[in-house]
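Engineer: I am attaching a structure below and will ask some questions about it afterwards.
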Amino acid sequence: MFKLRRTMMYVPGNNPSMVKDAHIFGADTVMFDLEDSVALNEKDAARLLVYNALKRLDYEGTEIAVRINGLDTPYGREDLEAIVRVRPHIIRLPKAETSKDVRDIEAIIEEIEAKEGIPVGSIQLMAAVESARGVLNAREIAAASKRLVGIAIGAEDFVTDMQTTRSLDGMELLAARSQVLLAARNAGIYALDTVFSDVNNEEGFINEVKHIKQLGFDGKSVINPRQIDVVHRIYTPTPQEIHRSERILKASEEAARKGSGVVSLDGKMVDKPIIERAQRVLSLATAAGTYELEGGEAIAY
Amino acid sequence: MEIKGSAMAGTLESSDASIVVAPNADKGIVIDLISSVEKQFGEDIRRTVKQVLKELDVEDAIVKIQDRGALDCVIRARLQTAVLRAANGKSFDWEGQRHV
Amino acid sequence: MDYLGLTEYILTREDQKLRGAVGAFLQKQGLRLEEGVDYTYALVDGKELVATGSLEKNVIKCVAVRQDYQNMGLTNKVISQLVYAAHKGGKEHLFIYTKPGNLQIFTDLGFYKIMALADKVVLLENKRDGIRDFVRQIKQKACFEGRASAVVVNCNPFTLGHQYLIEQAAEESEFLYVLVVSEDKSVFPADVRLKLVQEGTDHLKNILVQETGSYLISSATFPSYFLKEESVAVSSHAALDLEIFANYFAPILNISRRYVGEEPYCSLTNVYNEKMKVILPSYGIVVREIPRREAVQQAISASWVRGLLKENRLEEVKALVPETTYRFLMTEEGRHIIDKLKGLRPML
């Protein structure tokens with residue numbers, strides 16, 4: 001079954017009560033942040049807190065990511081020294097500009113893995129592009145390492161770089177989101193959308209989630225537990241979608257059994273992409289727990 | 001590690017601990033603990049403190065802890081932070097730790 | 001849980017807009033942003049201020065959380081930030097000046113009550129038995145067990161008037177504690193004031209000169225004493241200070257009499273003295289007011305001396321201060337202070 005990454009929840013790395021309970025809200029991935037949510041003079045404290053928490057606490061199987069500081073800051077290298085050793089599933093690199101940024105970080109991770117006897121390659125990577133340059137290089141960045149499982153867009157810094165601001169319809173982000181999606185699909189990795197910071201504007205949030213789902217994103221970063229259910233609801237296929245997908249797959253299996261190359265449903269021809277989409281809908285529904293897969297083939301990256 | 005000055009880490013927020021580490025002119029380790037769960041967990045907290053100080057090779061220090069219901073790993077993190085700060089920003093020996 | 005998404009602000013003196021907002025916010029809570037605060041922290045939800053707290057040297061004050069944001073741990077967040085800031089500034093021994101209603105909150109945060117004035121103010125410190133240990137240390141130095149007297153003086157600088165008051169009190173008492181204000185808000189620094197009192201009373205054998213620490217006439221016990229303008233709070237501040245004296249200093253040091261110089265000039269000190277005559281006797285402590293020693297038919301006061309110094313009339317000063325004080329004024333350090341009084345930049 002493929003891994004759902006509909007929601008990736010940011011958790012400020014220097015807040016013990018948030019760090020200890022991070023997994024209880026049901027986000028698909030929890031991301032402890034050592035970067036922007038931590039004040040400069042608390043970088044040491046946050047690093048040690050996340051380090052000790054990951055060493056000692058049981059997050060009951062929730063996927064754990066840690067966003068480190070960039071290697072161009074005085075904290076990035078030290079963050080890696082600490083975090084690699086406690087083996088989160090994913091290390092997220094902020095503000096990636098070039099594929100070299102990913103390779104540099106990979107080299108250090110590899111070095112530490114080797115030193116500690118951790119199987120090389122076991123820690124995955126995610127990169128966030130947050131500037132015009134990063135977005136333009138998204139294609140190379142997304143393909144820079146076998147460890148990469150996803151690429152994300154960070155909108156706040158990006159719109160500043162573009163000399164504009166964020167709007168509710170997200171027009172200013174359309175080109176960048178599309179570029180990141182193209183890069184992700186080309187590399188066969190996940191595409192994750194940016195945060196929506198006005199926690200109180202639920203309607204605006206719903207619209208944005210629908211929008212990015214329609215664009216093709218696998219999920220969205222969230223900053224508040226309240227946002228999790230909204231995203232999951234929108235990303236869960238409706239009973240109608242499930243029903244239709246089931247029928248498409250049945251028809252496809254039928255055709256395969258008959259040795260027929262042509263799949264048809266209700267007298268209409270069904271193309272290969274439609275079959276793939278139906279498979280995906282059922283995988284998503286299965287992962288979301290609303291559908292029991294029976295021998296169907298799940299899509300995995 | 002030598003405690004050169006007084007330093008603080010952590011907060012008084014719930015699930016956290018506020019820890020001050022200072023030099024001890026009289027030598028040895030002095031632990032001053034304030035905790036609402038002192039009766040049940042006071043001994044555990046003291047044991048953790050002593051262990052962390054030992055790991056960091058600290059022989060003389062006054063440690064003042066205000067515990068707000070912090071987990072053991074939080075006490076560890078805050079104490080390590082305070083000690084490193086009090087030792088004039090020495091860095092942590094990541095390599096020398098057991099990573100289990 | 002803390003997913004409130006509040007924004008933190010640290011106010012600078014220049015940030016007038018936010019200062020105004022904090023001031024207005026405090027006013028709604030029956031408080032005000034006091035003149036002397038040197039660090040203010042605020043939490044903002046969207047555009048609205050929901051919690052704040054300030055630091056004045058080692059005193060936490062002006063702490064308030066909006067009603068509908070209470071019980072969310074914001075007080076802890078504010079206090080943590082202030083404790084942290086104070087610690088960074090080298091201040092570990094902290095006080096909180098607040099309303100009695102908040103006593104429990106701060107007790108839970110590791111602060112200990114020193115004194116409360118019913119429905120007015122309560123003063124707490126973050127050292128268990130801090131004040132008791134402080135007074136006990138004075139007691140140890142005195143090595144005196146009988147009934148003693150006390151006088152609390154600022155001595156900015158030490159004059160013949162102060163010397164006379166102390167001599168009178170010492171003569172009438174078996175033992176006299178001379179407590180010199182430690183708060184460093186006078187032209188003459190605390191260590192200089194203390195030294196001049198010690199030197200100028202060296203001939204008296206039954207006295208002990210000690211500092212008041214943060215516990216008497218300090219920005220913790222008596223904040224309005226150091227404000228330029230006279231505030232309505234003076235009377236309750238004075239009462240707090242005197243209650244502390246009566247409840248800690250007097251019983252531990254076995255003080256049965258407090259001496260005070262008559263105050264013909266300063267109305268604030270006058271309010272303090274009047275309050276003293278009401279409060280201390282209720283604890284069985286006698287208040288003895290000694291008339292000021294006069295020179296050229298004018299009561300000697302430190303402010304008179306400072307005025308003369310300002311005008312460089314050193315010969316006249318010589319007649320008003322003990323020789324020890326005069327000698328200090330002639331040193332480089334002394335001249336430095338005189339220059340400061342004149343408003344001149346000290347010469348390097």
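Engineer: Please enumerate the residues belonging to the stretch C:177-192 that are in a helix (DSSP H, G or I) and in contact (Cβ under 8 Å) with a residue 60 or more places away in the chain.
Structural biologist: Listed by number, the list holds a single entry, C:Val192.
Residues checked against (1) within 14 Å of another protein chain (Cβ to nearest Cβ); (2) touching an Asp or Glu at 6+ places or on another chain (Cβ under 8 Å):
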| residue | (1), (2) |
| --- | --- |
| C:Gln70 | no, no |
| C:His93 | yes, yes |
| C:Gly101 | no, no |
| C:Gly110 | yes, no |
| C:Gln140 | no, no |
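Engineer: Within the stretch A:69-88, take every residue that is touching a Phe, Trp or Tyr at 6+ places or on another chain (Cβ under 9 Å) and in a loop (DSSP other than H, G, I, E, B) and give me the one that is nearest to A:Lys146 (Cα to Cα).
Structural biologist: Only one residue fits best here, namely A:Pro88.
Engineer: Among the aliphatic types (A, V, I, L, M) and under 24 Å from the mean Cα position of the chain (by Cα): which single residue out of C:Leu74, C:Leu49, C:Leu31, C:Leu43 fits that description?
Structural biologist: C:Leu31
Engineer: Return the only residue of A:Ile91, A:Ile105 being in a helix (DSSP H, G or I) and modelled with pLDDT of 95 or more. Explain how you work it out, then say what you get.
Structural biologist: On the way: A:Ile91 fails: in a helix (DSSP H, G or I).
The conditions single out A:Ile105.
Engineer: Okay, moving on. From the list C:Glu174, C:Glu145, pick out the single residue that is surrounded by fewer than 18 Cβ atoms within 10 Å (Cβ to Cβ) and in contact (Cβ under 8 Å) with a residue 60 or more places away in the chain.
Structural biologist: Testing whether each residue is surrounded by fewer than 18 Cβ atoms within 10 Å (Cβ to Cβ) and in contact (Cβ under 8 Å) with a residue 60 or more places away in the chain leaves just C:Glu145.
Engineer: Check C:Leu123 against each of (1) away from every other protein chain (no Cβ under 14 Å); (2) out of contact with any helix residue (DSSP H, G or I) (no Cβ under 7 Å at 6 or more places or on another chain) and name the one condition it does not meet.
Structural biologist: (2)
Engineer: Same structure again: Taking the stretch B:52-75, which residues are assigned to a helix (DSSP H, G or I) and either open to solvent by less than 10 Å² (accessible area, probe 1.4 Å) or farther than 14 Å from A:Leu48 by Cα (or both)?
Structural biologist: B:Val52, B:Leu53, B:Lys54, B:Glu55, B:Cys73, B:Val74, B:Ile75
Engineer: Shifting gears a bit: Could you grab the pairs with beta carbons closer than 6 Å, sequence gap of 6+ or different chains, first residue in the stretch A:145-170 and more than 17 Å from A:Ala184 (Cα to Cα), second one open to solvent by 20 Å² or more (accessible area, probe 1.4 Å) and hydroxyl-bearing (Ser, Thr, Tyr)?
Structural biologist: Going by the 6 Å Cβ cut-off, the qualifying pairs are A:Val159/A:Thr165.
Engineer: Okay, moving on. Take the residues in the stretch C:157-171 that are buried (at least 22 other Cβ atoms within 10 Å of the Cβ) and of a type outside the set (A, V, I, L, M, F, W, C); name whichever of them is nearest to C:Ile337 (Cα to Cα). Outline the logic, then answer.
Structural biologist: Pass one, the stretch C:157-171, residues buried (at least 22 other Cβ atoms within 10 Å of the Cβ): C:157-159, C:161-163, C:165-166, C:169.
Checking which are of a type outside the set (A, V, I, L, M, F, W, C) leaves us with C:157, C:159, C:161-163.
Working: C:Pro157: 11, C:Thr159: 16, C:Gly161: 20, C:His162: 20, C:Gln163: 21 Å.
The extreme case among them is C:Pro157.
Engineer: Report, by residue number, each residue of the stretch A:179-190 that is surrounded by fewer than 21 Cβ atoms within 10 Å (Cβ to Cβ) and within 17 Å of A:Asp157 (Cα to Cα).
Structural biologist: The answer is A:Gln179, and nothing else.
Engineer: Cβ contacts < 7 Å: first residue within 14 Å of another protein chain (Cβ to nearest Cβ) and closer than 10 Å to A:Arg47 by Cα, restricted to the stretch A:65-81; second residue open to solvent by 50 Å² or more (accessible area, probe 1.4 Å) and in a loop (DSSP other than H, G, I, E, B), any location; separation 6+ or different chain. Result?
Structural biologist: If the second residue must be open to solvent by 50 Å² or more (accessible area, probe 1.4 Å) and in a loop (DSSP other than H, G, I, E, B), the pairs left are A:Glu78/B:Ser91.
Engineer: Filter the stretch B:7-53 for residues that are among the polar types (S, T, N, Q) and under 22 Å from C:Tyr112 (Cα atoms); which is farthest from the other protein chains (Cβ to nearest Cβ)?
Structural biologist: Among them, the one singled out is B:Ser35.
Engineer: Another question about this same structure. Which residue pairs have Cβ atoms closer than 7 Å, lie 6 or more positions apart in sequence or on different chains, and pair a first residue in the stretch B:17-30 that is within 19 Å of B:Gln51 (Cβ to Cβ) with a second residue that is among the charged types (D, E, K, R) and surrounded by fewer than 20 Cβ atoms within 10 Å (Cβ to Cβ)?
Structural biologist: Every condition considered, the pairs that remain are B:Val20/C:Glu92; B:Asn24/B:Asp60; B:Gly28/B:Asp60; B:Ile29/B:Lys50.
Engineer: Another one. When you look at A:Glu113, is it in a helix (DSSP H, G or I), without any contact (Cβ under 8 Å) to a residue 60 or more places away in the chain, surrounded by 17 or more Cβ atoms within 10 Å (Cβ to Cβ) and within 11 Å of another protein chain (Cβ to nearest Cβ), yes or no?
Structural biologist: Working: in a helix (DSSP H, G or I): yes; without any contact (Cβ under 8 Å) to a residue 60 or more places away in the chain: yes; surrounded by 17 or more Cβ atoms within 10 Å (Cβ to Cβ): yes; within 11 Å of another protein chain (Cβ to nearest Cβ): no.
No.
The values are calculated or read from the model by the stated rules, or taken from the named source; none is laboratory data. This structure is a prediction, so every number in the text was calculated from the model and none was measured. Every residue, glycine among them, receives a Cβ derived from its backbone with ideal geometry; neighbour counts consider all protein chains shown. We work out accessible area using only protein heavy atoms, side chains counted, and drop any ligands, DNA or RNA first. Shrake-Rupley method; radii C 1.70, N 1.55, O 1.52, S 1.80 Å.
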